[in-house]
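Following: one structure in structure tokens, then a few remarks.
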Ligand SMILES: Nc1ncnc2c1ncn2[C@@H]1O[C@H](COP(=O)(O)OP(=O)(O)OP(=O)(O)O)[C@@H](O)[C@H]1O
Ligand SMILES: [Mg+2]
């Protein structure tokens, strides 16, 4: 295991008094295997950044313990730091220095000689197509260029584990795809990656395993496939004109419906086989004179997993 965390908690206290406590992380257990791409998926404020910052030793946990690369995050923080790459959510580069100098500096901090740092910086400039912009002050780069450049900085020392906190937020689709490609290359080289995201498709496409976090707790854990399977194959989303409670009870009683979840004025019925079940759903509602305003059939996504565990949609949770 490259990461083993047990009951990690973080409570921030801002100002005096009890009302000012924020329980950002409320007991998180994680096990990340060597070479795995692991995602922490959750809405804004779920505690993703706080979790990553604890594991990367930038903020001490209030309680709990964790080993990263076999080192204790509290007692051996310097050893942890020397063995990881970390790309913060906001970037963290020297705005006035040219991009290439920032990269070289990161190499020097990691203990490389000047020549090694230069060679590694040039290699990364190539990988991330930063060639033409490498000599400009970092502050003149566009948001997406900065993001790519920040990720490059995290990779300077070729660490066995890299933390990427929302690496693709703010990137255009092309650069997002490029970054996914880089993460896949890292995995192919045997590097472990822990990334946070609030994009369902990103977690689905990129990670071997993930946890879904909400309000500082893990609500689900597994491979994307297993998690989606758990909520069943297909989802029929129905909007009835009125009597939603009656419609809900009715659908719940149908034998081919595994579960019905209500989300505001929508009902989501989970079915093993949506194509065969859809006509039966229509008939059942019609039989009781319920008026259907809309009905759609879709495959279960990680959003359905989130919805099942939290009662709300990740898309709206922010
Ligand atoms: N230094 C701090 N002091 C007080 N509260 C904090 C501090 N840092 C984070 N929090 C609070 O802890 C909670 C979790 O924050 P965190 O940044 O970990 O969430 P996140 O999942 O990374 O969200 P986002 O997707 O918006 O980046 C939030 O309610 C946040 O306001
Ligand atoms: Mg964050």
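List of remarks:
- Top-ranked residue in segment 10-54 [being within 12 Å of ligand 1 (Cβ to nearest atom) and assigned to a helix (DSSP H, G or I); ranked as nearest to residue 189 (Cα to Cα)]: 52
- So residue 24, is it in contact (Cβ under 8 Å) with a residue 60 or more places away in the chain, within 13 Å of ligand 2 (Cβ to nearest atom) and under 19 Å from the mean Cα position of the chain (by Cα): yes
Yes/no per residue for (1) touching a residue at least 24 places away in the same chain (Cβ under 8 Å); (2) within 16 Å of ligand 2 (Cβ to nearest atom); (3) under 17 Å from residue 164 (Cβ atoms); (4) surrounded by 16 or more Cβ atoms within 10 Å (Cβ to Cβ):
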| position | (1), (2), (3), (4) |
| --- | --- |
| 15 | no, no, no, no |
| 43 | yes, yes, no, yes |
| 49 | yes, yes, yes, yes |
| 74 | no, no, no, no |
| 77 | no, no, no, yes |
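- The residue of segment 134-146 that is modelled with the lowest pLDDT, among those that are touching a strand residue (DSSP E or B) at 6+ places or on another chain (Cβ under 9 Å) and surrounded by 13 or more Cβ atoms within 10 Å (Cβ to Cβ), is 138.
- Members of segment 128-145 found to be touching a helix residue (DSSP H, G or I) at 6+ places or on another chain (Cβ under 7 Å) and not in a loop (DSSP other than H, G, I, E, B), listed by number: 131, 133, 138, 144, 145
- Residue identified as assigned to a helix (DSSP H, G or I) and within 26 Å of residue 115 (Cα to Cα) among 153, 162: 153
- Among (1) surrounded by fewer than 23 Cβ atoms within 10 Å (Cβ to Cβ); (2) under 18 Å from residue 89 (Cβ atoms) - the single one residue 165 does not satisfy: (1)
The values are calculated or read from the model by the stated rules, or taken from the named source; none is laboratory data. This is a predicted model, so every value here is computed, not measured. Backbone-built Cβ (ideal geometry, glycine too); neighbour counts: all protein chains shown.
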